[in-house]
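The values are calculated or read from the model by the stated rules, or taken from the named source; none is laboratory data. For clarity, every value in this text was computed on a predicted model and none was experimentally measured. For neighbour counting, all protein chains shown are included, and Cβ atoms are generated from backbone atoms with ideal geometry for every residue, glycine included.
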Amino acid sequence: MTNYCIETEGLTKRFGKKSALKDLTLEIPYGGIHAIVGSNGAGKSTLFRTLLGVETPSAGRSTLLGESSLSLSPEVRGRVGYVNEEHTLPLWMRAKSVIAMQKSLYPEWNEEIFNQVISYFDVDPSQKVSGLSRGERAGLNLSMALAQRPEVLILDEPTLGLDVVARQSFLEAVMFTETHDKTTIIYCSHQMEEIERLAEQLIILEKGELKNNSSPDAFVERVQYWVFNHIDVTNQIKTLPGYLSHKAIDGQLHVMTADQGDEFGQILSELGAADVSRMPINLERAVNAFLTANHNKPDSAL
Ligand SMILES: Nc1ncnc2c1ncn2[C@@H]1O[C@H](COP(=O)(O)OP(=O)(O)OP(=O)(O)O)[C@@H](O)[C@H]1O
């Protein structure tokens, strides 16, 4: 199990009756930015905690940088960076003291990378952490995580709550690192425009199961958007193969499906649909259609 920086096999994590991860088999190769996407409760954080050895799986196994998550050595732990949305830092310290502390802890610390990444943000080192804005704290956190030169960097919703300017800086800093330092970045986000800009691979988790692991473009190909003149086939539509959602708009029915080819259009025509056409969609719409399909709600929405 050494060709992948992250590998899981049949990974299962149950909390009582609830399964946060279900028989998850996943391989993430070294290098690149891999986005992990899923609805709330899909199991993303449980996956990270299990990979890092914080949670013990109910079944299956996982490795991180070739070592079992159950017995990660301090050496391997030191090669993994983790940044989440909370950007937890000692609030009472000045930024420069936090930086000095981190520097002393990490022998691989790279000052040039730190300076490059922090330059995307307006952080005054003499300022107390408690006085930094959320975006500045995120920047400081990211700069320190990257200066440690991790081989794997897990970013768990790092831009949550950041304004558009801070988010832009954050994304640019991440892209700079990926091209200059060959870090494998695992990027967990609900922001599709971020995923579209950054990710080479799109991993989709749904209720603890792996639903996709491909390039974002290949995923968009998996979702089809059909429009046709309205016919009263609502109940039949829901039973068709690959059905995700439907909506009636201005006398036309708009239907989303997964993994269907032209024959689906033919099925619609046979049901009586007129002027069936297939429309292009973007990543955000494709992911939303996919993720909302299994949500409990009165009626589907596109
Ligand atoms: N310690 C725990 N005890 C009980 N249930 C838990 C625990 N941790 C997670 N779960 C459950 O496991 C499921 C997956 O949770 P997890 O936090 O991994 O999801 P997530 O994809 O990270 O969600 P979000 O996007 O909301 O952060 C949820 O249904 C959650 O309630």
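The combined condition, being closer than 19 Å to E200 by Cα and either assigned by TED's automatic domain parsing to the domain that holds L155 or modelled with pLDDT of 95 or more (or both), is fulfilled by G31.
With a requirement of 1 or more residues that are away from the ligand (no atom under 16 Å from the Cβ), free of Cβ contacts under 8 Å to residues at least 24 places away in the same chain and not aliphatic (A, V, I, L, M), the strands (runs of 3 or more DSSP E) lying completely within region 196-243 that satisfy it span 209-214.
Kindly establish whether T184 is within 16 Å of the ligand (Cβ to nearest atom), polar (S, T, N, Q) and either surrounded by 19 or more Cβ atoms within 10 Å (Cβ to Cβ) or free of Cβ contacts under 8 Å to residues at least 24 places away in the same chain (or both). In short, no. If you go through region 9-28 and keep only what is under 15 Å from I203 (Cβ atoms) and exposed (fewer than 15 other Cβ atoms within 10 Å of the Cβ), you end up with T25, E27. Within region 18-41, the only residue that satisfies the criterion of being on the phi < 0 side of the Ramachandran plot, assigned to a loop (DSSP other than H, G, I, E, B) and either among the hydrophobic types (A, V, I, L, M, F, W, C) or more than 14 Å from the ligand (Cβ to nearest atom) (or both) is Y30.
Looking across region 69-86, the residues that are buried (at least 16 other Cβ atoms within 10 Å of the Cβ), within 12 Å of G53 (Cβ to Cβ) and of a type in the set (A, V, I, L, M, F, W, C) come down to L72, V76, V80. Do we have any residue at all in region 139-154 that's at pLDDT below 85 and in the same structural domain as S45 (by TED's automatic domain parsing)? For region 139-154, residues at pLDDT below 85 and in the same structural domain as S45 (by TED's automatic domain parsing): absent.
Taking the criterion of being assigned to a helix (DSSP H, G or I) and of a type outside the set (V, I, T), the residues of region 106-120 that qualify are E111, E112, F114, N115, Q116. Quick check: is even one residue across region 177-194 outside any helix (DSSP H, G or I), of a type in the set (A, V, I, L, M, F, W, C) and over 23 Å from S214 (Cα atoms)? For region 177-194, residues outside any helix (DSSP H, G or I), of a type in the set (A, V, I, L, M, F, W, C) and over 23 Å from S214 (Cα atoms): absent.
Residue pairs whose Cβ atoms lie under 7 Å apart, sitting 6 or more positions apart in sequence or on different chains, and linking a residue in region 31-53 that is more than 17 Å from R285 (Cα to Cα) to a partner that is β-branched (V, I, T) and near the ligand (Cβ under 9 Å from one of its atoms), are K44/I36. Does any residue of region 42-50 turn out to be away from the ligand (no atom under 15 Å from the Cβ) and part of a loop (DSSP other than H, G, I, E, B)? Scanning region 42-50 turns up no residue that is away from the ligand (no atom under 15 Å from the Cβ) and part of a loop (DSSP other than H, G, I, E, B). Would you check if R77 is of a type outside the set (S, T, N, Q) and modelled with pLDDT of 95 or more? Answer is no for this residue.
Within region 83-105, the presence of at least one residue that is in a strand (DSSP E or B) and touching a helix residue (DSSP H, G or I) at 6+ places or on another chain (Cβ under 6 Å) is confirmed. Looking across E7, E75, E55, one residue alone is within 12 Å of the ligand (Cβ to nearest atom) and either in the same structural domain as T177 (by TED's automatic domain parsing) or not in a loop (DSSP other than H, G, I, E, B) (or both). It is E55.
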